[in-house]
Amino acid sequence: MTTCDRSFVVADPRFFAKAKGPFSAAVLADIAKAKVVPRKDGGIEPAGGYVGIAPIQAASMRDVSFLDNRRYLSLLDQTQAGLVIVESDFIKRVPSHCVALVTSDPYLAWSRVARLFYPSSAVIPGVHATASVASTALIDPSAQIEAFAVIGDNVEVGAGCFIGAHTIIGAGVRLGQACRIGSHVSMSYALVGNRVTVSHGSRIGQDGFGFALGPVSFETMPHLGRVILEDDVEIGANSTIDRGSVNDTIIGAGSRIDNLVQIGHNVQMGRCCIVVSQAGISGSTVLEDYVTVAAQAGLVGHIRIGNKVRVGAQCGVMSDVEAGQDVIGSPAMPVREFFRNVAVLRKLSKKWSKLVRGSSDLI
Amino acid sequence: MTTCDRSFVVADPRFFAKAKGPFSAAVLADIAKAKVVPRKDGGIEPAGGYVGIAPIQAASMRDVSFLDNRRYLSLLDQTQAGLVIVESDFIKRVPSHCVALVTSDPYLAWSRVARLFYPSSAVIPGVHATASVASTALIDPSAQIEAFAVIGDNVEVGAGCFIGAHTIIGAGVRLGQACRIGSHVSMSYALVGNRVTVSHGSRIGQDGFGFALGPVSFETMPHLGRVILEDDVEIGANSTIDRGSVNDTIIGAGSRIDNLVQIGHNVQMGRCCIVVSQAGISGSTVLEDYVTVAAQAGLVGHIRIGNKVRVGAQCGVMSDVEAGQDVIGSPAMPVREFFRNVAVLRKLSKKWSKLVRGSSDLI
Amino acid sequence: MTTCDRSFVVADPRFFAKAKGPFSAAVLADIAKAKVVPRKDGGIEPAGGYVGIAPIQAASMRDVSFLDNRRYLSLLDQTQAGLVIVESDFIKRVPSHCVALVTSDPYLAWSRVARLFYPSSAVIPGVHATASVASTALIDPSAQIEAFAVIGDNVEVGAGCFIGAHTIIGAGVRLGQACRIGSHVSMSYALVGNRVTVSHGSRIGQDGFGFALGPVSFETMPHLGRVILEDDVEIGANSTIDRGSVNDTIIGAGSRIDNLVQIGHNVQMGRCCIVVSQAGISGSTVLEDYVTVAAQAGLVGHIRIGNKVRVGAQCGVMSDVEAGQDVIGSPAMPVREFFRNVAVLRKLSKKWSKLVRGSSDLI
């Protein structure tokens, strides 16, 4: 007997509620804003409709699936799915026994269909008996507070919020409506908007890394700012967002931050920025709107990154980047230049012995 | 008085139980699968046997020590240890008053000898009075559950498991036998094999970083998969392993993951992979068996890394890597090519003024 | 209504106690070791003195502010602050209505002035009713232990210590005086000096990443060492410091470690080192005194970094670095060489077609 059998189960009932539905092709097309292309026999759905979702290689005739990555096209050829969500380029690869939902954005469509079958779990109002809630805290009666949570003085928790087990909401923190704060979170000195999500173990609002070298030792800079998480911000697991020193640290509305990300004191991010896992943004740097920072990238402090800039993975950004640029490399440079450099160096390296005399001692 | 005196103490009795033993050279040789080379006077052990272990520079005549790193050979010359575990190359450096245990793998031998003197601490069955355990959870009576742990509905905890203080095991999670889960861990949507170890503060099973850009904002992708940790997996501290979106995230049997590592949704790792601290593996990437990913390396999503590939520290892997290759650099390339590039660029940089006219404006 | 209005408030009274003061220019100059330069009308302070601090763009005539970054000099021209702390170079940019405090180290002066207005919050002696404290633990009556903390057997907590909520201090750990341990910290196998600070969610003292490849699987190396945090060490949030395998892991007096930093087993750091966010130091590496390791840098194991070395951001250090050097790049090289290489490669890449025949197939 093993407890970790990897046999595949869609939405394992150990963990997920039964799928909603069934749904007709018309309902799916409507929510997905997609066009229905019938199967060869003209049908558009199995009797009784679609009952669930599944990955392309595991789906059966009553399931919906999707494909948006060219790498996996051969899986599409072989799929047993009843319906697949694809973009128009892929339609000729959809098997004849399979309905297609065609859209210019299959991933968005898939996300909505999946959410239709599996809506977010509901918040169950109430404060767990073991939670420690200050008498001065204002908890909306529709909020849920789990075991061993600690809610400090004068905290405000809005309607429909969920606060996970072992999470600490420090004195004075204010949470808007429908926030979902995971377990083991430390949150302090923070003002939080509506529909903000923070995953397990993230640290929001602690002192930043600020100190001066005094005559005998380092002297700590007091941190008198806050963290502001605007509406619809989502933050992953085990990330750290330091509060401001004298200004605030601000995460703009709709921004998404992944796991193990570091955001330094006084950073200001605009709307709908994306910061991927293990990236770090140093103190006082400004991101305008729709900036993407890929995994493991690092930005020095006190720089400005323009609208819609995309910073590549492992990139090291040491100065301002103008709006619309794509940069990569350490130090950062335009993507085109980076890959040209890589190619040139590879060529040079191979041709080295022809280029330079006396190179026999090279390696 | 100071509380942090750094005077060296082997296995400080404040923290560790007294060493087992004493043990004879024959017992040590047997467990270490090593050959005993007597000291110059022909003896192989002190009267009464060996009583403990110690680092090479601190060991005395009743202690066992080891050396496997050429950098520290001068310490071997001066050691007072009674017995040292070494490979055959080092034997001529072993002092004449010192017994040698010779093996082709001194580190493995040392690991076993150390474990002989200091076995793992026993699990003490019982559930701490402050733990919050769902009535539907099945806890084996031989398991230990520490203070303030939270065990959700329908959780199964196998024989001999240890669950640390402040750890949360979410509804439906199944743990096999003899697992050791540290403190402050969040584990959810997970199926866990036997003898799995997770260190403090790791996050297993939360939502991955998946969302689509909708017409007005990002729309979150539901995550309906699981995390599967197969037998003998070990995970370090403060690492994050996201559950699958529709497939599962799988960590293959015997794999070892260090601290602060990020494993994205749907990643599938084979047997006995190693992922070192601060490395990150993006979503849906596949590692075959015996893959090593060194510290701070990053792998993009949707790629395949073949058997026994070794990915170097800080490497950035952007495409598939064939079995058996060693890669390094960002972007990743064969190790030999990387160091040739480094050397060529250094040479070129020095010779630049001779190579190209008009370079006076260079720096 | 929004709960996350970003309107700026200095030291938001939701979170911070009212400022001390008011203070005269003379008091400020004394604590800042700075020289007072009166405003144009000869005055040095408003009636009643200075009442608070504020960032340069938000300060009013009764506030103190500072500027030490040339990037923001235009803000100085427009400031309404009553007094600004600056270095002598900037004095001609200080508006005529504004007093200057001139010093060679404005950041240090600012830190002291800010601390004068906003001293650290006091520790409030007592053990929270929900904390789980072993009967054999010695807790100084002046210490504060917060909710759900777990204090193990034979722990010693010195005078004036603060232990945050949900923090676990493992059996045998010794804390000196006036330590501040945040929330959700796991600390075990550790000896801690005086005035040591650890922020939320850091993991101190767990097993390191050590194992040998045995005939059938990896075999774990027992970790029998400790972690020693000397006086005045500060550690950020969600960092991980593994205990030694047979030696100790030592963080030298006065050192500062940022968030999400990894320190491997047996690392020994000297006095007043700085390790910035997301950097990692592998096992058994030695840092001498006053070493700085910038963000996301990585050091391999078993190397020695000399006094006052500065390791640049994202640097990959693979061998010893001599005292006083500044290195950057992966692999690490002297800073001057790194930037020359970057410049040379850029030039070569642009001039490639002129340098090498037959390069038309390059990109």
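The values are calculated or read from the model by the stated rules, or taken from the named source; none is laboratory data. Computed from a prediction, not measured in an experiment: that's the story for all the values here. Because the Cβ atoms are built from the backbone with ideal geometry, glycine has one as well, and the counts that use them run over all protein chains shown.
Before moving on, here are some points about what is shown:
- Of the residues screened, B:Val94 is not one that is free of Cβ contacts under 8 Å to residues at least 24 places away in the same chain and not hydroxyl-bearing (Ser, Thr, Tyr).
- B:Val113 vs. criteria over 18 Å from B:Val192 (Cβ atoms), within 23 Å of the chain's Cα centre (by Cα) and at pLDDT 95 or above: yes
- Residue count for the range C:130-154, restricted to those that are away from every other protein chain (no Cβ under 11 Å), touching a residue at least 12 places away in the same chain (Cβ under 8 Å) and among the polar types (S, T, N, Q): 3.
- Enumeration of residues in the range A:65-122 that are over 23 Å from B:Val286 (Cα atoms), small (Gly, Ala, Ser) and surrounded by fewer than 19 Cβ atoms within 10 Å (Cβ to Cβ): A:Ser88, A:Ser96, A:Ser104, A:Ser120, A:Ser121, A:Ala122
- Residue match in the range B:88-95 (condition: within 14 Å of chain C (Cβ to nearest Cβ), among the acidic types (Asp, Glu) and out of contact with any helix residue (DSSP H, G or I) (no Cβ under 7 Å at 6 or more places or on another chain)): no
- Residue within the range C:341-350 that is in a loop (DSSP other than H, G, I, E, B) and closer than 29 Å to B:Arg336 by Cβ present: no
- The sole residue among A:Arg336, A:Arg243, A:Arg271 that is outside any strand (DSSP E or B), surrounded by 23 or more Cβ atoms within 10 Å (Cβ to Cβ) and of a type in the set (Lys, Arg) is A:Arg243.
- Scanning the range A:193-206 for residues that are without any contact (Cβ under 8 Å) to a residue 40 or more places away in the chain and either in contact with an Asp or Glu (Cβ under 9 Å, 6 or more places away or on another chain) or within 15 Å of A:Thr249 (Cβ to Cβ) (or both) yields A:Asn194, A:Arg195, A:Val196, A:Thr197, A:Val198, A:Ser202, A:Arg203, A:Ile204, A:Gly205, A:Gln206.
- Residue count for the range B:173-194, restricted to those that are in a strand (DSSP E or B), at the interface with chain A (Cβ under 8 Å from one of its Cβ atoms) and closer than 19 Å to C:Gln206 by Cα: 1
Yes/no per residue for (1) part of a loop (DSSP other than H, G, I, E, B); (2) in contact (Cβ under 8 Å) with a residue 40 or more places away in the chain; (3) closer than 27 Å to C:Gln262 by Cα; (4) at the interface with chain C (Cβ under 8 Å from one of its Cβ atoms):
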residue	(1), (2), (3), (4)
A:Ala212	no, no, yes, yes
A:Leu224	yes, no, no, yes
A:Ile228	no, no, no, yes
A:Asp231	yes, yes, no, yes
A:Asn247	yes, no, no, yes
A:Tyr290	yes, no, no, no
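- Cβ-Cβ contacts under 8 Å between residues 6 or more apart (or on different chains), taken from a first residue in the range B:14-35 that is within 15 Å of B:Ser120 (Cβ to Cβ) to a second residue that is surrounded by 15 or more Cβ atoms within 10 Å (Cβ to Cβ) and of a type in the set (Ser, Thr, Tyr), are listed as B:Phe15/C:Ser188; B:Phe15/C:Tyr189; B:Phe16/B:Tyr118; B:Ala17/B:Tyr118; B:Ala19/B:Tyr118; B:Lys20/B:Tyr118.
- Residues located in the range B:195-206, provided they are assigned to a loop (DSSP other than H, G, I, E, B), facing chain A (nearest Cβ under 7 Å) and not polar (S, T, N, Q): B:Gly201
- Count of the range C:233-244 residues which are more than 14 Å from chain A (Cβ to nearest Cβ) and either among the charged types (D, E, K, R) or in contact with a helix residue (DSSP H, G or I) (Cβ under 8 Å, 6 or more places away or on another chain) (or both): 2
- Residues of the range C:314-324 that are farther than 19 Å from A:Phe338 by Cα and buried (at least 18 other Cβ atoms within 10 Å of the Cβ): C:Gly316, C:Val317, C:Val321.
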